[in-house]
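The values are calculated or read from the model by the stated rules, or taken from the named source; none is laboratory data. All values reported here derive from a predicted model rather than from experimental measurement. Backbone-built Cβ (ideal geometry, glycine too); neighbour counts: all protein chains shown. Each accessible area value is taken on the protein alone, full model and side chains, heavy atoms only, with ligands, DNA and RNA left out. Shrake-Rupley method; radii C 1.70, N 1.55, O 1.52, S 1.80 Å.
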Amino acid sequence: MEEEQIMFQIQDTLVSLDLAERFFCCDLDQCHGQCCIDGDAGAPITEAERDIINEITPGLRDDLLPRALEVIDSEGTSYVDEEGDLVTQIIDGQNCVFTCYGPGGMCLCAIEKACAQGRTGGFRKPSSCALYPVRLTEYPAFTAVNYHRWKICRPAETLGRKLGIRLYQFLEGPLTERFGREWYDELVLACETYLADNQ
């Protein structure tokens, strides 16, 4: 008997079956953007993203929390965490420094807010934030594409199931931006074939 397939191989990536199997659609009314304020490290960023963030941060200062400004002024916008990853700074072991708040305590991203107002040169937010709850792990020969399961995203799974939206569908834009349209189209075909064969 053949071993059960546990990943899709799409070009030079290995993609978790969770992207096909899991329903997902962010429900901010329920979670209030908790993924930006919970966790033990900031958002993973590339060196190129760090450079852009450093360049645009002066224009974000009016949107940031006072404590965030203190951290940025003393420690910068990013740091290398215990796992050796470059990540955004956090406040007191919790909030990302680029977290701001809207009505009702809704957590917002100051970078994304500024982008919508044309203040970031088109930079919307780090790729890892746009892709969440998918996390990428880079290896010498391939990139692993996995679903980060977290209790705060349960409302998103519930809403996704209600609306019939799979994780790969919900993240069409960010996945296409990161890997390209050809890659995403291959993923769609793989997911649709898998789901049809496993109904």
request  = Go through the residues of region 68-87 one by one and say whether even a single one is under 26 Å from Phe179 (Cα atoms), open to solvent by 60 Å² or more (accessible area, probe 1.4 Å) and in contact with a Lys or Arg (Cβ under 8 Å, 6 or more places away or on another chain).
outcome  = no
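For region 150-168, how many residues are farther than 12 Å from Tyr132 by Cβ and open to solvent by 30 Å² or more (accessible area, probe 1.4 Å)?
Restricting attention to region 150-168, the residues satisfying the condition of being farther than 12 Å from Tyr132 by Cβ are 151, 154-155, 157-166, 168.
So of that shortlist, the ones also open to solvent by 30 Å² or more (accessible area, probe 1.4 Å) come out as 151, 154-155, 157-159, 161-166.
Summing the residues that are farther than 12 Å from Tyr132 by Cβ and open to solvent by 30 Å² or more (accessible area, probe 1.4 Å) in region 150-168 gives 12.
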inquiry  = Condition first: more than 11 Å from Thr77 (Cβ to Cβ), among the aliphatic types (A, V, I, L, M) and more than 19 Å from the chain's Cα centre (by Cα). Now tell me which residues in region 39-65 satisfy that.
reply    = Leu65
Criterion (at pLDDT below 85 and either charged (D, E, K, R) or over 18 Å from Pro133 (Cα atoms) (or both)) met by exactly one of Asp62, Asp27 = Asp27
ask   = Which of (1) exposed (fewer than 12 other Cβ atoms within 10 Å of the Cβ); (2) closer than 30 Å to Gly59 by Cβ is the odd one out, the single condition Ala141 does not satisfy?
value = (2)
ask   = Is one or more of the residues making up region 51-59 among the charged types (D, E, K, R), within 24 Å of Glu138 (Cβ to Cβ) and in a loop (DSSP other than H, G, I, E, B)?
value = no
Helices (runs of 4 or more DSSP H) contained entirely in region 88-191, each with at least 3 residues that are within 13 Å of the chain's Cα centre (by Cα) and under 18 Å from Glu49 (Cα atoms) = 127-131, 172-179
task = Give region 68-87 a look and list any residue that's in contact with an Asp or Glu (Cβ under 7 Å, 6 or more places away or on another chain) and either of a type in the set (Val, Ile, Thr) or not in a strand (DSSP E or B) (or both), or say none.
result = Val87
task = Report, ordered by the first and then the second residue, all pairs with beta carbons closer than 6 Å, sequence separation of six or more or different chains, a first member in region 105-120 that is open to solvent by 30 Å² or more (accessible area, probe 1.4 Å), and a second member that is modelled with pLDDT under 90.
result = Gly105/His32; Met106/His32; Leu108/Cys100; Leu108/Gly102
query = Can you pull out the residues in region 83-101 that are β-branched (Val, Ile, Thr) and free of Cβ contacts under 8 Å to residues at least 60 places away in the same chain?
reply = Val87, Thr88, Ile90, Ile91, Val97
